[in-house]
Amino acid sequence: MEITGIHATPGYSGFFFDDQRAIKRGAQQDGFTYEGEPVTDGFDEIRQAGETIIVDVELADGTVVRGDCAAVQYSGAGGRDPLFQADEYAPVVSGPVADELEGRDATEFLENAETLEEMHVAGDRLHTAIRYGVSQALLSAAAEAQHTTRTDVMADALGTEPATEPVPVFGQSGDDRYTNTEKMFVKGVPVLPHALINSVEKIGEHGETLLEYVEWLTERSQELGPDGYEPRFHIDVYGMIGEIFGAPYDRDEVVDYFADLEDAAAPYPIQIEGPMDVGDREDQIEAMVELREGLADAGVGVDIVADEWCNTFEDVRAFVDAEAADLVQVKTPDLGGVHRSGQAVRYCEGTETRAYLGGTCNETETSARACAHVALATNAAQVLAKPGMGFDEGYMIVENEMRRTIARRNRRQRRRTESETDEVTADD
């Protein structure tokens, strides 16, 4: 079935863009916003409204499918593409991108997505957010044209066997790290709570505030969680362990702190995302290898998660090859096309590194559902509940999309089995 039209409409995403560098430099909160001047190119304020481009793809039979362009909350930081502004980029989608893709066969998802991935306009590669959103719509178009699920289209493109159970969902609390986490406990969320530890105040000058929080997590999970609940704790510290301790990261003081985190979380496993941010990919990998080796030598069982400077498929490959992390975040908007996220998850297969299909609170319900299909197609280690910082909405969207898809695939398999049985009976 032919693609007959591609249209772009500016809209809002599920959260905000934040100038991470300004916040790390000590910008003070003023209610929901921040005081002071932004320092990252493109920002007019330290916190400003998140934006999206709603991409509609029309098919020859009149069907219209959708994808949403989105960029991460901390755009322009850690080696990422610049701040994504919808009014600036919408003409690119409705112009050169539409010109390239209109007339193509919608069933050729991988070919269409790769064409998009390699496109250049005025000598520049398309912004990651454009590749992300348009590829979502291309995935939906292929599924509609083939009367199947987006999971099956992605699995066919990647050569995988989809998961038969929902991938463990990772809940993100935002700054409301107590109330939102209690909600997660009640619902039995398997991986939690992120906690947004992005300042010295939140971690403590010597890390004591985070330790107290982890102790609370352990105690409260046992009080509120369902019977048999065994959560995995995942906390993003935005490089703050590096800020309060500094290099080298394999010295006793640092390793002892991770041992204390492990004790505070016991009997549950704990993983720490972004323990440090040293300014570029090569140095980040070196620092994380140093920390990981120090923890291994000391027998400390805290997993570390790569985030900063692990943005593109090439970045994921570099972190995995160096064995710099126990878990890499495949930060979906930063990889461009959704198939690239799937390929990044697959790259972790057969290695010591697990793949966390992440993203950002600053996405939309459309992009979150698309990522649920990537997670199922690749059987990732965990998938982020998104968008937004309220937790409940994002968890509902991602978990329900996976359950619905698995139920649909099961119904189709039962019908196929019944049909084959009827044919055998008729032959007899």
**Q.** Qualifying positions in segment 154-166 - in a helix (DSSP H, G or I), open to solvent by 10 Å² or more (accessible area, probe 1.4 Å) and in contact (Cβ under 8 Å) with a residue 60 or more places away in the chain
**A.** Ala157, Leu158
(Q) When the residues of segment 233-279 are narrowed to those that are of a type in the set (Gly, Ala, Ser) and in contact with a Phe, Trp or Tyr (Cβ under 6 Å, 6 or more places away or on another chain), which ends up surrounded by the most Cβ atoms within 10 Å (Cβ to Cβ)? (A) Gly274
Q) So is Glu144 farther than 24 Å from Met402 by Cβ, surrounded by fewer than 24 Cβ atoms within 10 Å (Cβ to Cβ) and not polar (S, T, N, Q) or not? A) no
Q | Residue under evaluation Asp87, criteria (1) touching a Pro at 6+ places or on another chain (Cβ under 7 Å); (2) surrounded by 22 or more Cβ atoms within 10 Å (Cβ to Cβ), criterion not met | A | (2)
Q | Matching residues in segment 43-88 - criterion: being under 20 Å from the mean Cα position of the chain (by Cα), β-branched (Val, Ile, Thr) and assigned to a loop (DSSP other than H, G, I, E, B) | A | Val72
Q: Taking only segment 67-80 into account, find how many residues are buried (at least 17 other Cβ atoms within 10 Å of the Cβ) and either out of contact with any strand residue (DSSP E or B) (no Cβ under 6 Å at 6 or more places or on another chain) or at pLDDT below 95 (or both).
A: 9
**Q.** Segments classed as strands (runs of 3 or more DSSP E), wholly inside segment 325-428, with at least 3 members that are within 14 Å of Val167 (Cα to Cα)
**A.** 354-357, 382-384
Q: State which residue is farthest from Ile23 (Cα to Cα) when the search covers only segment 197-219 and only residues that are open to solvent by 10 Å² or more (accessible area, probe 1.4 Å) and assigned to a loop (DSSP other than H, G, I, E, B).
A: His206
Q: Could you list, in sequence order, all residues of segment 121-143 that are outside any helix (DSSP H, G or I), under 11 Å from Val92 (Cβ atoms) and not acidic (Asp, Glu)?
A: Val121, Ala122, Leu126, His127
Q. Got a number for residues in segment 14-61 being modelled with pLDDT of 95 or more and either under 30 Å from Ile3 (Cβ atoms) or basic (Lys, Arg) (or both)?
A. 14
Q | Residue list for segment 256-278, filter: in contact with an Asp or Glu (Cβ under 9 Å, 6 or more places away or on another chain) and closer than 21 Å to Glu308 by Cα | A | Ile270, Gln271, Ile272, Glu273, Gly274, Met276, Asp277, Val278
Q) How do the pairs read when you match residues in segment 388-402 that are at positive phi with residues anywhere that are part of a helix (DSSP H, G or I) and open to solvent by 30 Å² or more (accessible area, probe 1.4 Å), using Cβ under 6 Å and keeping only pairs 6 or more apart or on different chains? A) Phe391/Lys183
Q.
So for segment 398-421 (the condition being buried (at least 24 other Cβ atoms within 10 Å of the Cβ) and not charged (D, E, K, R)), does at least one residue qualify?
A. yes
Q. Quick one: in segment 280-307, which of the residues that are in a loop (DSSP other than H, G, I, E, B) and open to solvent by 40 Å² or more (accessible area, probe 1.4 Å) is nearest to Asn198 (Cα to Cα)?
A. Asp280
(Q) Based on this model, can you work out whether Ala106 counts as more than 23 Å from Glu363 (Cβ to Cβ) and surrounded by 21 or more Cβ atoms within 10 Å (Cβ to Cβ)? (A) yes
Q: Just one of (1) closer than 19 Å to Leu335 by Cβ; (2) in contact (Cβ under 8 Å) with a residue 12 or more places away in the chain; (3) not hydrophobic (A, V, I, L, M, F, W, C) trips up Glu111, so point out which.
A: (2)
Q. With respect to Cys361, is the statement that it is touching a strand residue (DSSP E or B) at 6+ places or on another chain (Cβ under 7 Å), without any contact (Cβ under 8 Å) to a residue 40 or more places away in the chain, open to solvent by less than 10 Å² (accessible area, probe 1.4 Å) and over 22 Å from Met288 (Cβ atoms) true?
A. no
Q.
So, in segment 1-39, exactly how many residues are among the aliphatic types (A, V, I, L, M), part of a loop (DSSP other than H, G, I, E, B) and either in contact (Cβ under 8 Å) with a residue 60 or more places away in the chain or open to solvent by less than 40 Å² (accessible area, probe 1.4 Å) (or both)?
A. 2
Q. All but one of (1) modelled with pLDDT of 95 or more; (2) touching a Phe, Trp or Tyr at 6+ places or on another chain (Cβ under 9 Å); (3) over 17 Å from Ser341 (Cβ atoms) hold for Leu126; which doesn't?
A. (3)
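The values are calculated or read from the model by the stated rules, or taken from the named source; none is laboratory data. These figures come from a predicted structure and were not determined experimentally. Virtual Cβ from ideal backbone geometry, glycine too; neighbours counted across all protein chains shown. Heads up: the accessible areas ignore ligands, DNA and RNA and are worked out on the full protein's heavy atoms, side chains in. Shrake-Rupley method; radii C 1.70, N 1.55, O 1.52, S 1.80 Å.
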